[in-house]
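Since the structure comes first, as structure tokens, the remarks are kept for the end.
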Amino acid sequence: MASFSQYVVKETTTNLWRNRVTTAAAVFTVMISLFLVGASLVLGQGASNAEIKWQQGTLVTVWMEPGASAQEIAAVQTQLDAFPYVHGCYYRTQAQDYEEAQHLLTATELSVLKPEQIPSSIRCIPNESQDAKLVIAKFSGQPGVFGSPTAPIQYLKTIQRVITTAQYAVLVVALVLLLSSAVLILNTIRMAIFARKREVAVMKLVGATNWFIRVPFIFEGLVQGFIGSALAALFIWIGEAFWRVRTESQSPDGLLHQMLLSNWQLFWCETIVILLGMTIGSIGSAIAIRRFLDV
Amino acid sequence: MPIGALWRPEIMIKLDHVTKTYKNGTIALDDVSLEIEKGEFVFLVGSSGSGKTTFLRLLLREELPDRGTIWEAGRDIVNLPKWRVPYLRRNIGCVFQDFRLLQNKTVFENVAFALEVIGRPKSVIEAQVPQVLELVGLAHKRDNLPSELSGGEQQRVAIARAFVNRPLILLADEPTGNLDPKISEGIMSLLDRINKSGTTVVMATHDKALVDRMRLRVIELDHGTLVRDQHRGVYGIDGDGGVQR
């Protein structure tokens, strides 16, 4: 067993060195394609993180008539508290809403707006972001309610659609590249085997089993896949660190900040990338060697 | 068919009505039946395309016959499962006209390779390879590459590799085809020594002088048909006391 493992290590290192140009080509292809696969995984995980945070932070604003009485406001607030799709609510006075409007509106718009014209509001967090629609439907046109309650549903939908589309696009490109890298590895190994066709024939003549011949080649593919995917994982890690540094100064409510991955999530994405690389490498070479063994 | 009814312990190789036709319609062997005993030295002669190489390839299980059965050391090799073929080949040494040495390995490594691939431990390799290199007279060239050796020396390395595992059968496909007569004599005497150690040798050859000098069993093929099988035979049609089997 020890001599077999020594043999495998010796054969693998010799072959990798002998075919170093094609080895480098295979490693780089694996690296690029798995970097994209990893990027799509990170993006997917980030979108999922952000979605959870948005779900938790989606606000439905029930605007109250500027002249609504305290009883009307209290009645709406009571109904909202009893509404099963609402997690919790808080009341903002006209003064508080005016102050907020000062940050959102232009000077021209503010010049024609007086604090007493601004509606006060009750802001609620629904249980799920899609529950916002139910709140809107229930409280539109209630006594004291100004117009319809509002929620950034369309905005959320748009962002989600953009992220989902981007995720699919990156994933499709990554899968195509993954497939092409598998073919390239297969070709690289096939070239290596072709160069050693004579050696394989001699091995068969002297009674080597197919597995004995196959293992060094599979190991070779495994090493190529591992090096390529480890480099991809390194670049993903660098990219994520760069992203983290860039978003640290931003508000925690910012999209990029909300998408940040935990260390554990990043570890899993990197592990998947490395395992994929090793699997593609070893399976690719196992397929490549098959036809040369049929003697 | 039960082997016990057909097999005698002194038989090493047995072909029973073996026919092999290639896809292009060429009949390489046509209903060939013969027996080769343990420890025999057999010359396989015939013109190019007569079926000698196919005969050897069938014995090595590189080809399968269309009809008939082949036994080696009491085993039906035609119906041998594919995964058992490497184990069959460990009992058969092969020598070819073009030597088939690995050019990037030294003499020692080429011979050791035959033991390495069948999983022999390093201690066995270290012990057996020098012995067999001594036998073929190349102990002093163990660290040379094949490209640094003459044709005769390369063929000796090939024989050492074929014999290092002490096979039951040694198949030689025109081993002296690329060598001058003097070197051929040396190779022949080496094969003769191996044969005397108990290994059955089947040698395909065009070397008339060699066959005529040795006066061993001669099997002649012509267009796939067995046309002659003689003890103490000569290369051509025997007019000199050969014994028809």
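The values are calculated or read from the model by the stated rules, or taken from the named source; none is laboratory data. On a predicted model such as this, the values are computed, not experimentally measured, just so you know. Neighbour counts are summed over all protein chains in view; Cβ atoms, including those assigned to glycine, are modelled from backbone coordinates with ideal geometry.
Here are the numbers:
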item	result
Given (1) at pLDDT below 90; (2) over 36 Å from the mean Cα position of the chain (by Cα), number of the condition A:Y85 does not satisfy	(2)
Number of the exception - B:A73 against (1) buried (at least 22 other Cβ atoms within 10 Å of the Cβ); (2) farther than 19 Å from A:T209 by Cα	(1)
Residue list for the stretch B:91-111, restricted to those being on the phi < 0 side of the Ramachandran plot and more than 13 Å from the chain's Cα centre (by Cα)	B:D98, B:L101, B:L102, B:Q103, B:N104, B:K105, B:T106, B:V107, B:F108, B:E109, B:N110, B:V111
Failed item in (1) more than 23 Å from B:N144 (Cβ to Cβ); (2) out of contact with any Phe, Trp or Tyr (no Cβ under 6 Å at 6 or more places or on another chain), with B:K208 passing the rest	(2)
Any chance A:F219 is at pLDDT 85 or above, farther than 20 Å from A:L43 by Cβ, assigned to a helix (DSSP H, G or I) and of a type outside the set (D, E)	yes
Residue that is nearest to A:L293 (Cα to Cα) [pool: residues in the stretch A:183-208 that are at the interface with chain B (Cβ under 7 Å from one of its Cβ atoms) and small (G, A, S)]	A:A208
Test for A:S282: is it modelled with pLDDT under 90, of a type in the set (S, T, Y), outside any helix (DSSP H, G or I) and assigned by TED's automatic domain parsing to the domain that holds A:V21	no
Residues that are closer than 12 Å to A:F139 by Cβ and in a strand (DSSP E or B), drawn from the stretch A:64-92	A:M64, A:V86, A:C89
Breaking point among (1) under 17 Å from the mean Cα position of the chain (by Cα); (2) more than 17 Å from A:I272 (Cα to Cα), for A:A26	(1)
Options A:A95, A:A132, A:A166; residue that is in the same structural domain as A:N19 (by TED's automatic domain parsing), part of a helix (DSSP H, G or I) and not aromatic (F, W, Y)	A:A166
Filtered residue count, the stretch B:130-150, keeping only those that are without any contact (Cβ under 8 Å) to a residue 40 or more places away in the chain and under 20 Å from the mean Cα position of the chain (by Cα)	2
Condition check for B:K23: more than 14 Å from chain A (Cβ to nearest Cβ) and crowded, with 16+ Cβ neighbours inside 10 Å	no
Count of the stretch A:138-154 residues which are surrounded by fewer than 11 Cβ atoms within 10 Å (Cβ to Cβ) and in a helix (DSSP H, G or I)	1
Residue in the stretch B:142-149 that is acidic (D, E), in a helix (DSSP H, G or I) and more than 18 Å from B:C94 (Cβ to Cβ) present	yes
Residue match in the stretch B:103-116 (condition: surrounded by fewer than 18 Cβ atoms within 10 Å (Cβ to Cβ) and over 24 Å from B:N178 (Cα atoms))	no
When residues of the stretch A:56-72 are limited to those that are touching a Phe, Trp or Tyr at 6+ places or on another chain (Cβ under 7 Å) and among the aliphatic types (A, V, I, L, M), the one surrounded by the fewest Cβ atoms within 10 Å (Cβ to Cβ)	A:M64
Selected residue (only one of A:A241, A:A232 is more than 14 Å from chain B (Cβ to nearest Cβ), under 29 Å from A:R18 (Cα atoms) and not acidic (D, E))	A:A232
Considering residues of the stretch A:194-213 that are basic (K, R) and crowded, with 19+ Cβ neighbours inside 10 Å only, the residue farthest from B:I169 (Cα to Cα)	A:R196
Helices (runs of 4 or more DSSP H) fully within the stretch B:42-141 counting 3 or more residues that are within 11 Å of chain A (Cβ to nearest Cβ)	B:85-89, B:107-116, B:122-135
Spans of strands (runs of 3 or more DSSP E) in the stretch B:154-245 with at least 2 residues over 16 Å from B:L44 (Cβ atoms) and within 18 Å of the chain's Cα centre (by Cα)	none
